[in-house]
Every structure is written in C-alpha cells, then in structure tokens.
1. Roll a 1.4 Å probe over the protein chains and send me the accessible area per residue for the chain in Å².
2. Using only the Cα atoms of the range 40-138, what are the Rg and Dmax in Å?
3. Could you state the number of Å between the C-alpha centres of the range 68-130 and the range 12-35?
4. Please state the relative contact order of the range 9-138 as a whole percent: Cα pairs under 8 Å, 6+ residues apart?
5. Taking the mean number of other Cβ atoms within 10 Å as a proxy for protection, how do you rank 8-19, 100-111, 27-38 from highest to lowest?
6. When we measure straight from the Cα of Lys71, which aspartates and glutamates land under 16 angstrom away, once same-chain ones fewer than 8 places off are left out?
7. Could you give the nm distance between label points at Val26 and Ser13, where each point is 7 Å from its Cα heading toward the beta carbon?
Amino acid sequence: MDGQNWIKYQFDSDGVAVKFPDTPKVENISVEHLQIEMVRLRRENVEYGISVFRGKSILHAQSGPASLIKKGAKLISSNDIYVMDYLGDEYHLSYEGRNVTQRFIHLDDSLVSQIVFFGEGDISKKSAQLFLGSLEVL
C-alpha cells in the first residue's frame, strides 16, 4: 500500500488537495455565516474526513478537538505541524477504542480540518498516515 492508486480530491476555491483510497462523499452545508465543504470516506476499519470552513468569522475561530472530546474522546497528545508553509495543530486522541488524528490548518481565509479514525494494525496505521501525508496546499 503506497497510495499511488488513491484518488486525488481538490477543493476548487481553496487550493487544498488530499488523496483518498476510493471515491469520497462530498457534502456542502451552511452554518450561520460559514460555508463548509465536507469530504468523507469509510473504508474497512478506517474513516477519512476533511472539511474546509469558509467565512469571515473563520479568521478568528478557535480550532481544536473540543467537539470530539465532548463526545467522550480522550486527548493523548498535541503538537504544532506545518503543511507546506501553513502552521497547524495536530491532536492524537482515543475514541471508542480507536485511534484518532485530527489536524487544523489555518489558511489565508479558511480553516482546514483533517481527521482520520483507525484501529490497531499496520495496514490501518499506514492508511491513516498516507491520508494525512497527502494533504497539499496548492
């Protein structure tokens, strides 16, 4: 498994691209003054997701795994990351017996939230790493 046959999904207006192991489901929603494009896929025991939040209020938005923690996830660790030249935060959590990695990257006028849920096992871990590592800002 090297991700070469994975499908690249590119957000039109933000120059954000990521690869999925199969065709993802795309959903566009509006919440208050935010436009949210959510792209998700569940394959075997791995769930992949990426959302781009757009809107004036997003420039000052706090990011973090608060909504997942409210549902019972336990925070294991957090650290700063860079995706291209953009600073972000990465959180490692445990939720319902599964590992979770969630990232938040602030772009110029949007926020990218990338999340992957995966179980134990080398294939699941590698698949999660390939998804997280495929994120690009073009």
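1. 58
2. Cα only, the range 40-138: 13.4, 41 Å (Rg, Dmax).
3. The range 12-35 and the range 68-130 have Cα centres spaced 17 Å from each other.
4. 25
5. Descending packing order for the listed peptides: 100-111, 8-19, 27-38.
6. Straight-distance partners of Lys71: Glu96.
7. Each label point is offset 7 Å from its Cα along the Cβ direction, giving 1.3 nm.
The values are calculated or read from the model by the stated rules, or taken from the named source; none is laboratory data. If you're wondering where the values come from, they're calculated on a predicted model, not measured in any experiment. Cβ coordinates were reconstructed from backbone atoms using ideal geometry, including for glycine residues, and neighbour counts include every protein chain displayed. Heads up: the accessible areas ignore ligands, DNA and RNA and are worked out on the full protein's heavy atoms, side chains in. Shrake-Rupley method; radii C 1.70, N 1.55, O 1.52, S 1.80 Å.
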